[in-house]
1. Nearest 10 degrees is fine. How inclined is helix 222-231 to the longest principal axis of the chain, computing both from alpha carbons?
2. Using Cβ contacts closer than 10 Å as the measure, can you line up 282, 37 from fewest to most?
3. Could you rank the peptides 108-117, 133-142, 270-279, 326-335 by their average count of other C-beta atoms within 10 Å per residue, with the highest value first?
4. Evaluate the distance, in nm, between pseudo-label points positioned 7 Å from the Cα of residue 324 and of residue 206 along their respective Cα→Cβ axes.
5. Helix 357-373: angle to the longest alpha-carbon principal axis of the chain, degrees 0 to 90, nearest 10?
6. Relative contact order for the chain using alpha-carbon pairs under 8 Å, separation at least 6, rounded to a whole percent?
7. Using only Cα atoms, find the angle between the long axis of helix 31-41 and the longest principal axis of the chain, and express it within 0 to 90 degrees, rounded to the nearest 10.
8. Each label point is 7 Å from the Cα along the Cα-to-Cβ direction; what then is the distance between the points at residue 418 and residue 163, in nm?
């Protein structure tokens, strides 16, 4: 019995004092997976898709044969002064739309539904672009941080070696302090990039609608993503612009919006003539023992209200939609011009570095390290040279990022136009 108690006590101690690994594992996404995840889980896209039900409900309502329910009335009259008897009357009236109102209403509702669907497509287009931009930024920051950590480790080694040489009076205090300043500069840059990475990761999380804990990582290599993009054939600007103006969802939605406003204006003008109501009537008179069957028609006389307010509103909405369409077309053309300009500048930077720049940079760094180790270069010269190599690598990475961002912006104008 005592041995069992001892075993239980040891187990309890092990349970309470053994450290638990509570750190969530890193979550990694490649670009296609991130885009698909965002299209499925992005909160704003979900809200857009749910709002589609409003347009669907409007279309269902517009498709009804009668917009108003029939009115049924019963009238009962009893004689007081004459011989007793009761008169009973049944009326059924149904309002009928005239002047093509049902067709105009259905046309406006169907085009409004198509416009709502296009607005969802446009939201998906923008989310795809934002995810690509945030993903490229995060990937570039990850690679930059990894490179800076390597440089910082090398700088720590140089500072240690410098301290030893200073103790032997091989170098001056000025050279030692310069080594320390170089290390501090790398530490500061690493801290800034780490803060920037956290902000970019937060942006990507919001775009993805990602709720899991743990760091979010972008998988891949920026240079590997760059190479296929540099091989893509870019159409001339006029051809691309014509394709964008014909296929971009927000432009198609803006054109449909003008068609919706036109149909709403025709509906408002048709409603200047009031709808008529008609239906059967039945009357039973117990006083004279008669049964009467007939009909009723009700026609409002448009002496005062000729739907002036609705027509004025429809005219204003029509003008607004036309101006908004012109504005969207102008904005699209300017965005295309800006995308081509950015791509041209980014292309020049990429061509200036060439395809083998980073490989050659690594070879030169290795040769520099050998020169330092063989005594052909002072520790101070080696630190300065290594810093120049680091800055050159970062500039090359920044050029690759700029080109990928420019291509993403161009693709976002109309994804089908670059396929």
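Every read-out reported here was derived from the displayed coordinates using simple, explicitly stated rules and does not represent laboratory data. On a predicted model such as this, the values are computed, not experimentally measured, just so you know. Glycine also receives a Cβ, built like all others from the backbone with ideal geometry; neighbour counts cover every protein chain displayed.
1. So the helix axis and the longest Cα principal axis differ by about 70 degrees.
2. Arranged by neighbour count, lowest to highest, 282, 37 become 282, 37.
3. Output ranking for 108-117, 133-142, 270-279, 326-335: 133-142, 108-117, 270-279, 326-335.
4. With each label point 7 Å from Cα toward Cβ, the separation is 2.5 nm.
5. Between helix and principal axis, roughly 30 degrees.
6. With pairs under 8 Å counted, the relative contact order is 24 percent.
7. Result, in degrees: 30.
8. With each label point 7 Å from Cα toward Cβ, the separation is 5.0 nm.
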